[in-house]
Each structure stands twice: as structure tokens, then as C-alpha cells.
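First up is the structure itself, then whatever we jot down about it.
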Amino acid sequence: MGEGDETAQQRDLPGSGRILIRETADGIGVYNPSKRSWPMIAFMMFWLTGWSVGEFFVIWEVLSGAPFVVDAFLIIWLIFWTLGGIAVWMVLLWQLFGVEKLFLVSEGAIVTERGFGFFHRKHIFPVSEVTNPHLSTVKPNDARNVFASGRVAFESGGKTWTFGIGLDEHEASAVLRVLRDFLDSDGEGAVTESPDEEVPSAAAVRDAE
């Protein structure tokens, strides 16, 4: 199929102004950019300025030839200080450039991907092994970094996997509906729903907004 034909068959499904749910000839893709917190970003940039000064100062002291006991203490301190800085850098980069992608491939696979720049984690799940799609108990405000759990969960290979870091209730419900419809139409994934869990259709979510 040519590029023009594929573009002609693209259509955006109901989601929200922040996330994008798009259907193409190859399946359905969900694009979830990081939900930025500008006060947190400003604080982390300020903290990392002080972190950089401390990192440089301690490295300089170690290289200057201090007594062994002092060097040993500084090296141990530097290891933990460096790890702390790396963790903050990861959160900051996710806040600025992070994105999650969910691909529901019509040939029978579900692909999740999250990360920023060259740092990405990607998982591929055969549809036949995906069961129990549901909303997780994670709150939107609990999701501030690339390692956080998402709002939409499913089971595969004996583990629970999630997608949708920072999604609100309407966004998570729209993604869950698309995932369940995809599994139903494929006929291989086993969909089980809690009798108390009512998930509105994607169209209803758009109307509610």
C-alpha cells in the first residue's frame, strides 16, 4: 500500500486534547506525551545546578591527593551523590521530552514503548497472550517519571503490564475501550471485566468532555 493510501485511511479516534489515538491501515496507535509539571521542572533544574557544583568539587578533592581515609569517604559519598543526580536527570528528561506509545497491530500484536531520546523501553506482546485489560489503581499525580506505572493495565506472561503514565480518568477510559475493542475484534485475547467496572465508550468520553 502506498504512502498516500495509508495517509488517506488514517483517522483520529476520540481521546483528549493531550493524547492522540489514531487508526491506520496497520492498526491503532496511541501517543501519550509526558504530563509536565513546570514547578517540578524548575525545582529540579535549580537542584541540578547545586548538584553539578557539588559533583565537581568532590571530584576535584579526590584528585587533589587527600589522605586515604578522606578519599575513601569522598568516593563513597560521590557514588551516592552521582546516583541521586542521575535519578533526578531521568525524571527531568522524562518531564521535558518523555513519550509513551501503544501500538495495536492488526497482524496480532500489542507493542508498548516509553522513553525519551535514545533511552527507550519496548515490549511486544502476542495478542493471544494478553488478558484482563483493566484500569489500574495508580493516580495521575503518582506518575512523574519514566519508571512509573500507567493507568491502563493488562496481563501477559504471568505479569501485569501498564500503559498510560499520567492519564486522567477520561483519557484512561478511552484507551482502555480501544484496547478492549481491539482484543474483541481479534478474537484471540481473553477479555475479562469486573462486574463493578463500567468503562464508557470512547465516543462517550469525547461527548463528556
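May I ask you to list the residues in the range 84-115 that are free of Cβ contacts under 8 Å to residues at least 60 places away in the same chain, closer than 23 Å to A42 by Cα and of a type in the set (A, V, I, L, M, F, W, C)?
Result: I86, A87, V88, W89, M90, V91, L92, L93.
Could you tell me which numbered condition V146 fails, if it satisfies all but one of (1) surrounded by 19 or more Cβ atoms within 10 Å (Cβ to Cβ); (2) of a type outside the set (F, W, Y); (3) within 29 Å of A25 (Cα to Cα)?
Among (1) surrounded by 19 or more Cβ atoms within 10 Å (Cβ to Cβ); (2) of a type outside the set (F, W, Y); (3) within 29 Å of A25 (Cα to Cα), V146 violates only (3).
Right, G50: at pLDDT 90 or above, over 25 Å from D168 (Cβ atoms) and small (G, A, S) or not?
Taking the combined requirement at face value, the residue satisfies it.
Can you find a residue that is within 30 Å of F163 (Cα to Cα) and free of Cβ contacts under 8 Å to residues at least 24 places away in the same chain anywhere in the range 60-83?
Yes, that holds for at least one residue.
Please specify each residue of the range 15-48 satisfying the condition of being among the aromatic types (F, W, Y), free of Cβ contacts under 8 Å to residues at least 24 places away in the same chain and either in the same structural domain as A172 (by TED's automatic domain parsing) or within 25 Å of R114 (Cβ to Cβ) (or both).
Restricting attention to the range 15-48, the residues satisfying the condition of being among the aromatic types (F, W, Y) are 31, 38, 43, 46-47.
Of the ones still in play, those that are also free of Cβ contacts under 8 Å to residues at least 24 places away in the same chain are 38, 43, 46.
W38, F43 - these are the residues of the range 15-48 that are among the aromatic types (F, W, Y), free of Cβ contacts under 8 Å to residues at least 24 places away in the same chain and either in the same structural domain as A172 (by TED's automatic domain parsing) or within 25 Å of R114 (Cβ to Cβ) (or both).
On the basis of being within 30 Å of V175 (Cβ to Cβ) and at pLDDT below 95, does G65 make the cut? So that I can check it myself, show each step before the final result.
Values: within 30 Å of V175 (Cβ to Cβ): no; at pLDDT below 95: yes.
So G65 does not fit the description; no.
How many residues does the range 1-43 hold that are modelled with pLDDT under 75 and outside any strand (DSSP E or B)? Spell out how you get there, then give the answer.
Start the filter on the range 1-43 by keeping residues that are modelled with pLDDT under 75, which leaves 1-17.
From what is left, the residues that are outside any strand (DSSP E or B) are 1-10, 14-17.
So the count comes out to 14.
The values are calculated or read from the model by the stated rules, or taken from the named source; none is laboratory data. Computed from a predicted structure; not experimentally measured. Reconstructed Cβ throughout: ideal geometry from the backbone, glycine too, with neighbour counts over all protein chains shown.
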